[in-house]
Each structure stands twice: as C-alpha cells, then as structure tokens.
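Taken together, the values in this text are just the output of simple stated rules run on the coordinates, not laboratory data. These figures come from a predicted structure and were not determined experimentally. For neighbour counting, all protein chains shown are included, and Cβ atoms are generated from backbone atoms with ideal geometry for every residue, glycine included.
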Amino acid sequence: MKCPCQSGYSYDNCCQALHLDQVIANSPEQLMRSRYSAYALSLGQYLYNTYHSEKQTGLTVDELEQWARATTWLKLEINQTTESTVTFTATYTEAGQLYQIQEHSRFTQEHGAWRYVDGDILVHQQLPKPKRNEKCPCGSLKKLKQCCGVRSNLL
Ligand SMILES: [Zn+2]
Ligand SMILES: [Zn+2]
C-alpha cells in the first residue's frame, strides 16, 4: 500500500520501518510524517512513544488510539520546515464531517531521537463537504465517490 503520509513511496519503503522501531527519524519532518501515518493507521503506542517524555504525562496509549480510530486522515501537506519545527496542513474527517488543521509543531531530540514536543494550532476549521461527483479532498483528482468517500464517511 502507499504510505499514508503521501510521500509517494510505499508504506514499507517509508514510515513502516519507523513504526516498527527498525530505524529512527533523521529529521523533524520525517518524525512528523511518521506520526501522521500513525494517526492514519491508529498506532497509539507509536504516537505515545514519539512524544517528548515530559509530554507523555497525562496521555495514554488508549486515548491516542481512540482518537486516531475516530478520525480518517485524508491529506498531508508540509508547508515549512526548520531544524526543529514543521508547519503542516492536514485534512481529516470525524463523524462524517470534513476538517482541516494547520499546526506549527516543535520537536527536540531526546536520547538521540527526535520527539514531538508541542505545537501551535494556526487553523482548525470545518470545511464544506464535497458532493459525490466532486473532487476527493485527499488530492487524488478522482471523484469523491470513487476515492475516499466511503472510508472517510463523507458519503
Ligand atoms: Zn510515510
Ligand atoms: Zn481520496
């Protein structure tokens, strides 16, 4: 399957090795992409593990996984990266509604591995739902009904 982070690579050539702890992320962007994929695949443990240890307090693997399961992740765009930050825009659905979130995320290295610290939410808005024959919000250029319509609960 194609990697959910929309890198264009297959999952086993992209985020899977990170999810399986076979390699560590070499940049904040790579960690961020792998966390996005982990949301798409509901990998609560990976999401938990990639938070900075100080931020893990108050989080649980179950809660992270539950929210991931309640959402369907459709699109990721990386807007800007620096040595320790990533600004991205992501599109997802929850309970049949379409949302877009833009976040400026901060990362730091802990024991030699990149970890997510926190982020500022720049935009978080509900988008109008496309109709069956309109373009899918994942960016594929296919019609919604022929693409993510069913799996995202938009139909
Ligand atoms: Zn990936
Ligand atoms: Zn689609």
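Some notes on this structure:
- Residues satisfying the stated conditions in the stretch 20-48, i.e. within 9 Å of ligand 1 (Cβ to nearest atom) and over 10 Å from the mean Cα position of the chain (by Cα): Gln30
- Looking at Glu83, Glu77, just one residue is among the acidic types (Asp, Glu), surrounded by fewer than 21 Cβ atoms within 10 Å (Cβ to Cβ) and assigned to a strand (DSSP E or B), and that residue is Glu77.
- The number of residues in the stretch 121-155 being farther than 19 Å from Ala40 by Cβ, assigned to a loop (DSSP other than H, G, I, E, B) and either basic (Lys, Arg) or more than 12 Å from ligand 2 (Cβ to nearest atom) (or both) comes to 5.
- Looking across Gln22, Gln45, one residue alone is in a loop (DSSP other than H, G, I, E, B), free of Cβ contacts under 8 Å to residues at least 40 places away in the same chain and surrounded by fewer than 16 Cβ atoms within 10 Å (Cβ to Cβ). It is Gln22.
- Of residues in the stretch 114-155 being closer than 30 Å to His52 by Cα and free of Cβ contacts under 8 Å to residues at least 40 places away in the same chain, the one surrounded by the most Cβ atoms within 10 Å (Cβ to Cβ): Gly119
- Within the stretch 96-104, none of the residues are within 16 Å of ligand 1 (Cβ to nearest atom) and closer than 23 Å to Gly8 by Cβ.
- Condition met for Leu98 (loosely packed, with under 13 Cβ neighbours inside 10 Å, among the aliphatic types (A, V, I, L, M) and either free of Cβ contacts under 8 Å to residues at least 60 places away in the same chain or not in a strand (DSSP E or B) (or both)): no
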